[in-house]
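Heads up: the structure comes next, in structure tokens.
Bear in mind that the values in this text are calculations on the coordinates, not laboratory data. Keep in mind that what you see is a predicted model, and the values were worked out from it rather than measured. Positions of Cβ are generated from backbone atoms using ideal geometry, with glycine treated the same way; all protein chains shown enter the neighbour counts.
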Amino acid sequence: MKDKISAWIAGVGWGISIYVTLINGESVFEFLRYVSQTDFIYHPMLDYWGKLTGMAFTFIGLGFVFIAVRGGKYPELKKYFAWFQIICFVGVLMAALRIDLNSQIYYLDFLFFLGTGIPMLLTSR
């Protein structure tokens, strides 16, 4: 049951990125300015890349939802997606340390990756 809850949380966490693809770019930039505590200007190319990223993240979220709904039929997928979360944690941690990020928002990312990846890994067969 914990693995399904973790998969649902991961699915929603990644899937919420569909919002980025649906709203105008300036609203996304306002949010990014708020969470990063950095003032940067809107640029159409960054908006475009953000929308591409949002679509990719949404697709990842759909993969986690698939595991939550049909994971019992494809148990090997759960392990791969669990490792994906853990590898994302390592990558984000290394990036945050390398570029000296001090914002607490990254702690939520760390908690998200480990809090969903580890339970799924521990319950995979």
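Potential lengthening of the chain between TYR106 and ARG33 amounts to 24.9 nm, from the contour at 0.36 nm per residue minus the alpha-carbon distance. The value of relative contact order for segment 2-122, using C-alpha pairs under 8 Å at least six residues apart, is 40 percent.
Between LYS73 and ILE23, the FRET efficiency from the beta-carbon distance, with R0 = 30 Å, is close to 0.30. For the chain, complete DSSP H runs whose alpha carbons reach 27 Å or more along their own long axis and whose mean Kyte-Doolittle score is 0.0 or higher are 44-70, 75-98. Could you tell me the center-to-center distance, by alpha carbons, between segment 30-49 and segment 68-118 in angstrom? One Cα centre to the other: 23 Å.
Rg to Rh ratio, the chain, alpha-carbon atoms and Kirkwood radius?
1.02
What is the extension gain from HIS43 to TYR80, computed as 0.36 nm multiplied by their sequence separation minus the C-alpha to C-alpha distance, in nm to one decimal?
9.8 nm
Under 18 Å of direct C-alpha separation, and excluding same-chain neighbours fewer than eight residues apart, LYS73 reaches these aspartates and glutamates: ASP3.
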